[in-house]
Structure formats: structure tokens, C-alpha cells
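J.: Please find one structure pasted underneath; my questions will follow.
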Amino acid sequence: MVKLDLKLYRGYVNDGELLVSGHVFQSWAPDKYRLDNKGIRHAVSIVHMFRIKPYPNAVVTLKFKNLEITTKTLNDGFFRFTVPFNEPLESGWHPYEVICKLHNFGIVNVGEILKPFKSKLGIISDIDDTFLMSHSRSFFKKLYVLLFRNINNRKIFEDVVQHYKALSIAGQTNEVASNSFFYVSSSEWNLYEFIDSFARLHELPKAVIKLSDIKAGISDFLFTGRGSHNHKFVKIKEIISFYPHLQYVLLGDDSQSDPYIYEQISKIFPKNIKAVYIRKTSKSKTKVERILNNIESLGVAVCYFKFSHQAIAHSKMIGII
């Protein structure tokens, strides 16, 4: 019997181009495993999320409004449609459909595309140790909480939700409208459902989520989130280039490479970066302070904070919220 599964991710569109992506699998997709199991059952679910079999060269068809277009998956089962699109479209979230057929068997799934509301601000945030406590500085502790703390037992930093919600409505006068959020992380696509469910559980702003290349195997799982962080730079650069009329707030932490990435981004887009927020996860980081001072010298507001109420106060001080 043929096994086939399809996972879609939130896409986004501007006035001339549309971007949506997903994966095709020869096994269950990672989101088919429960996130609320306890103890060893949760650990088994997480391990299964990395024991997937991507489907290379599978035919996939996108349907959105009057658009219908077909492509094939890459070697890791990933597909991405980057296509011209200039039909009139209201701001907000819109459904799109992807069909995958294999011989006489097929599967259809529905995802969402964001057409941003009119605004002056976009928000790009890291995930691990920026709003989700992940202990990235300790390999074994990070692995332990991933395996044995289910979604209901993972912790969020205090006052993060208040800060993100304030950023979401900053400058908006319409109750329906909000600023666009993007969550960009070095975590793999395997953990997409975990991250999205965690964000919904804590009522964080709905966001486009962009993650690292999917992993398929136990050995890969042991090094989750520990690969190159260059993809974060590439994805952030892509977002800003896609919506160049916006100014951006970048949020991250000092446990990995966020300060270095945000410094590069600030240099490349000197007119687009409004503020950089870095959560302090250790006692002293002289190198990080030097980098942030350099970002500040570019005319970007900078806040190196331990508690989110400090970031909120800073956002109020500079007039973002």
C-alpha cells in the first residue's frame, strides 16, 4: 500500500508575487504525532517526528484563486512555489490548496497565505530562548526538555505575550488589522507543529513560521537546532526584500547567533531596521555588547534585556508601542 502525506506551511504574498511551501512524505508527516502525551510517550512522539521519510520528485499542484500551477519536490521532499501573482486581494489570511497525486492515489491539504494589512512595522522573532524557554546553551538540558516536557509543560518567558501583542497592534487603528509577524528559527521543519501549537496555546500573534531543513533520522535528531545558522540570515533577508516598504523590529537572544545575524541585517538594510531586542541568557557577554553597540551606531534602537518588562519599557520609550 502506498504511503503518502502532505504538510503545508503558512505562505505570504505581496502585490506582485506569492510564496507558499510544504513537504511530501512517504511516511506520516511530523504533525501526526500527539504533543500532549506525558513522559516516555511524549519522547516517543518527538523521536517519531524525526523518523520521517521525505518523498523526492513528487508532483504537487497549487490552487489559489485563479492560479493553478504544478511543480515537483526536492530531494528532501520540500517544495516551494514562488510565482507571479497580481490579482486584487484583501488583507488578512487566505486559504490555498495543494494536491499531490501518486499513481491512482492522491492527497489534498489546505494552508494559509498572508496578505499583510497596511502598516509601517513588521516583526521578526527568533523562537528558542527568545519566547520559548529551550536552554539552547546546554545540549543535554535542551534535549531533555524537548523529549520529556510536552507542549503543556514547556515554559514561556514572562511578559513576552504582552510585548508581542503590543507590537502586533502598534500603529493600527482598525480592530481587525495587525502588523505582520514572522518566527524564524534554527529548529527544523520537523518541529513546525510543536512551535505553532505552542504559539497558539499562549496566544502569541499568528505568524508565518520559517524553519531549517527537515531532518530524517535519529542521528540528525540528536543535533536538532545545532547546525549552521546561515539559513536564518537568508530567510530574514528574504522577508525584508519581499516587503521593503516596512521597518522591522528584530527579536532574539544571545544563546546562539542572533546578535551577529542582526548586525549583518542592519548593515544590509540600513533604512529598514527600527529596533533590535536581544534577550540576555547569561551573566556577561562583552562580545554581544560590542556588536549591539555597533548596531546602535547605525541608528538602530537596541535593547539588551533579561526580562521582557524591560523590553516593553524600551518599546514605549522609543515610541513603537
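J.: Students often check this: by mean Cβ neighbours within 10 Å, which of 250-256, 315-321, 27-33 ranks highest, and how do the rest follow?
T.: 250-256, 27-33, 315-321
J.: Under unit Cβ charges (Lys, Arg +1; Asp, Glu -1), what dipole magnitude, rounded to 20 debye, does the chain have relative to its Cα centre?
T.: On the way: 43 positive and 30 negative charges, 155 e Å.
Roughly 740 debye for the chain.
J.: Something else now. Would you mind listing how long the range 1-158 runs along its three principal axes, going by Cα atoms, in whole Å with the largest first?
T.: 51, 48, 23
J.: Rounding to the nearest 20 debye, state how big the charge dipole of the range 168-321 is about its Cα centre with +1 on each Lys and Arg Cβ and -1 on each Asp and Glu Cβ.
T.: So the magnitude is around 440 debye.
J.: Still on this model: Kindly give Rg over Rh for the chain, based on alpha-carbon atoms, with the Kirkwood expression for the hydrodynamic radius. Show your work: numbers first, answer last.
T.: Working: Rg = 19.7 Å, Rh = 20.5 Å.
Ratio of gyration radius to Kirkwood radius: 0.96.
J.: Hey, which aspartates and glutamates would be in cross-link range of K287, C-alpha to C-alpha under 15 Å, not counting anything within fewer than 8 residues on its own chain?
T.: Filter leaves D253, D254, D258, E263, E296.
J.: So, for the chain, what is the accessible surface per residue at a probe of 1.4 Å, expressed in square angstrom?
T.: Averaged over the residues of the chain, the accessible area is 48 Å².
J.: According to the Cα gyration tensor, what semi-axes, each the square root of 5 times an eigenvalue, does the equivalent ellipsoid of the range 271-320 have, listed from largest to smallest in whole Å?
T.: 18, 16, 6
J.: Would you work out the charge dipole size for the range 258-321 about its Cα centre, treating the Cβ of every Lys and Arg as +1 and the Cβ of every Asp and Glu as -1, and quote it to the nearest 20 debye? Please report the intermediate quantities before stating the final value.
T.: Values: 11 positive and 4 negative charges, 33 e Å.
Computed charge dipole of the range 258-321: roughly 160 debye.
J.: Right, here's the next one. Find which of G106, Y144, S186 sits farthest along the positive direction of the dipole of the chain, computed with +1 on the beta-carbon of Lys and Arg, -1 on that of Asp and Glu, about the Cα centre.
T.: Farthest towards the positive pole: Y144.
J.: What three numbers, in Å, describe the spread of the alpha carbons of the range 174-321 along their principal axes, ordered from the longest?
T.: So the extents along the principal axes, rounded to whole Å, are 46, 42, 30.
J.: Okay, next question. What lysines does K118 reach when the alpha-carbon gap must be under 26 Å and sequence neighbours fewer than 8 apart in one chain are set aside?
T.: Result set, ordered by chain and number: K63, K65, K165, K206, K210, K232, K235, K237, K267, K271, K274, K316.
J.: OK, next. I need the phi-derived Karplus couplings for the range 28-44: 6.51 cos²θ - 1.76 cosθ + 1.60, θ = phi - 60°, integer Hz, Gly and Pro marked x.
T.: Computed from phi, the couplings for the range 28-44 are 4, 5, x, 7, 7, 9, 5, 9, 10, 5, 10, x, 5, 5, 5, 4, 4 Hz.
J.: Select from the range 154-198 those GluC sites (Glu not before Pro) which occupy a DSSP coil region and have at most 12 other Cβ atoms within 10 Å, ordered by residue number.
T.: E158, E175
J.: I want to verify the translational diffusion coefficient of the range 47-126 in µm²/s; compute it with Stokes-Einstein, Rh as the Kirkwood radius over Cα pairs, at 37 °C and 0.692 mPa s.
T.: 217
J.: Let me ask something additional. Taking the Cα centroid of the range 13-73 and of the range 283-302, what is the distance between the two, rounded to the nearest whole Å?
T.: Cα centroid to Cα centroid, the span is 38 Å.
J.: Could you please state how large a percent of the accessible area of the chain is carbon and sulfur, counting protein chains only and using a 1.4 Å probe? Spell out each step's value before the answer.
T.: Details: 7820 of 15260 Å².
Exposed carbon and sulfur together represent 51 percent of the surface.
J.: Okay, next question. Where q = 0.20 Å⁻¹, what log10 of I(q)/I(0) comes from the Debye formula for the range 77-166, counting one point per Cα?
T.: For the range 77-166 at q = 0.20 Å⁻¹, log10 I(q)/I(0) is -1.05.
The values are calculated or read from the model by the stated rules, or taken from the named source; none is laboratory data. In this text the structure is predicted, and so the values were computed from the model without any measurement. Cβ coordinates were reconstructed from backbone atoms using ideal geometry, including for glycine residues, and neighbour counts include every protein chain displayed. Ligands, DNA and RNA are excluded from the accessible area calculation, which covers all protein heavy atoms including side chains. Shrake-Rupley method; radii C 1.70, N 1.55, O 1.52, S 1.80 Å.
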